[in-house]
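Written out below as structure tokens is the structure these notes cover.
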Amino acid sequence: MDTYDWEYRDEELLQSFLAVLKKLGRLRNLRSVKLKSSSECVGPQQRRHWWARNVPESIKFRADVLQSLFAGLNAEYASPKLDQLCIENLQGCGNEMLVRSKDFGAVLSRVQKLELQITTEDVDGDGSLPANLGKKELHSFFGQQLVQGWLEPVREHLTHLKLYSRDMYFGYLPKCHLPTFPALRSLILGGLSFSHEEQLTWVLTHGNTLEELVLDNCPIVIGVRIPSTLDSNNFPIEPLFNSSSTGSILAPSSFLYPARWHDYFSRFAVGLNKLRSIRCGFGDWYANAAFPKSRELGVGLWAQRYRILDDGEWRRPPFEGGSYDGVWNDPPEYPDCTDEDWIALCEVKAAIESRVGT
């Protein structure tokens, strides 16, 4: 790449490389494909200036690679044995044309094991969550495109799902309702926030098939305070965050979620009657390696298992009598239930051991 030729930098994806991708189907015994992109990206509003942010792959670069890859995996001579697809750092925008293509649908119809890590734009380049959460394409992706484009096509035949969000929690904000997978045997989640009983119910709907459950940095959201009107289910109607940075004049709304991890673990012990393995904790997130190292996660309690969302910032609740640096005047305290959480987790492990031993 000519680093001085900034104007044409995103055209530096060699056609010879794309040609190789389009021929991957010639590997007749191909069973698994993994594509790893850069974790850094920029959204549509900054695509003309992406080089100035030291981002190595533009939206066009990523789209060209994905389209060529799926074209190769759906060629006439493509391997019929392919059943596993892993995409690390799939950008949460710019994939609209791909998901509408016949190659995309044909490939996903064969995929039984899907692994996705979503990466999103860091608007200010400093990890500022309020600015990042204000991007419309972020909510559109997690709320619609991820589910309708990537998960619904594999819903009936998927046996293994690994889904991570690299740089922010998803589930409550951005809102994401995952579909049910009737044949699911392995569920690995990274960064999913639990804020509603429906999410626990969603996990339990896989009780007749699920054999492995991994929860990596998946907190229970015990409280939310944001400058937005909440609907009847306590989700924000209009995603406006951090009034000091967005200029929102809406009065803050708040709600508390009373569930604790011992409630969840107790339900897992009874409701997931095929479960043979559970792992939960906080993976190698600080080194940006939680997704590839998910199989190395142990089982135990982690400090970040309870979170609050305060004016667009995810924070750990204050301990009883402790200080708090957020804007919430009366935030919920960190739950004093470590013993209860541990006992309930041991109940899950005991249920698994009794099942595996029979």
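Structure notes:
- Candidate aspartates and glutamates for bridging to K274, where Cα separation is under 14 Å - those fewer than 8 sequence places away on the same chain excluded: E211, E212, E353
- Over 18 Å (Cα to Cα) - which of K102/K135; K162/K293; K36/K113 fall in this group: K102/K135
- Database remark: amide H of Y164 closer than 5 angstrom to the amide H of L116, Q117, I118, G190 (H placed geometrically; neighbours at sequence offset of 5 or more, or on other chains; Pro and chain starts carry no H).
- For region 95-232: rounded, prolate or oblate by the Cα gyration tensor [a/c cutoff 1.5]: oblate
- Each of Q304 and V356 was given a label point 7 Å from its Cα along the Cα-to-Cβ line. The distance between the two points is 2.6 nm.
- Centroid-to-centroid separation of region 249-311 and region 145-168 [C-alpha atoms, Å]: 18
- Distant-in-sequence amide H partners of S253 (H built 1.01 Å from N, under 5 Å): I226, S228
- Note, ³J(HN,Hα) from phi for region 161-167, Karplus 6.51, -1.76, 1.60, rounded to Hz, x at Gly and Pro: 10, 10, 9, 10, 10, 5, 10
- Among the chymotrypsin sites (Phe, Trp or Tyr not before Pro) in region 254-345, those placed in a DSSP loop whose Cβ has at most 14 other Cβ atoms within 10 Å are Y286, F319.
- Given the chain, longest segment not containing exposed loop GluC sites (Glu not before Pro) (DSSP; at most 16 other Cβ within 10 Å): 157-319
- For the chain, with +1 on Lys and Arg beta carbons and -1 on Asp and Glu, the positive-most of L192, L27, F104 along the dipole: L27
- Length gained when the stretch L18-S32 is fully extended (0.36 nm per residue, less Cα-Cα span): 3.2 nm
- Structure-derived semi-axes √(5λ) of the Cα gyration tensor in Å - corresponding label in (1) 51, 25, 22; (2) 37, 25, 17; (3) 35, 29, 16: (3)
- Each of F319 and T338 was given a label point 7 Å from its Cα along the Cα-to-Cβ line. The distance between the two points is 0.7 nm.
- In this simple spin-label approximation, A251 and T180 carry label points 7 Å from Cα along the Cα→Cβ vector, and these lie 4.0 nm apart.
- Residues listed by number, region 140-158, amide nitrogen under 19 Å from S109 label point at 7 Å toward C-beta: 148-158
- Close amide H contacts of Y334 (hydrogens built in the peptide plane, cut-off under 5 Å, sequence separation of 5 or more or a different chain): F319, E320.
Read-outs: derived from the displayed coordinates by stated rules, not from any lab. Nothing here was measured: the structure is a model prediction, and the numbers come from that model. A quick note on method: Cβ atoms are made from the backbone with ideal geometry, for glycine too, and the neighbour counts reach across all protein chains shown.
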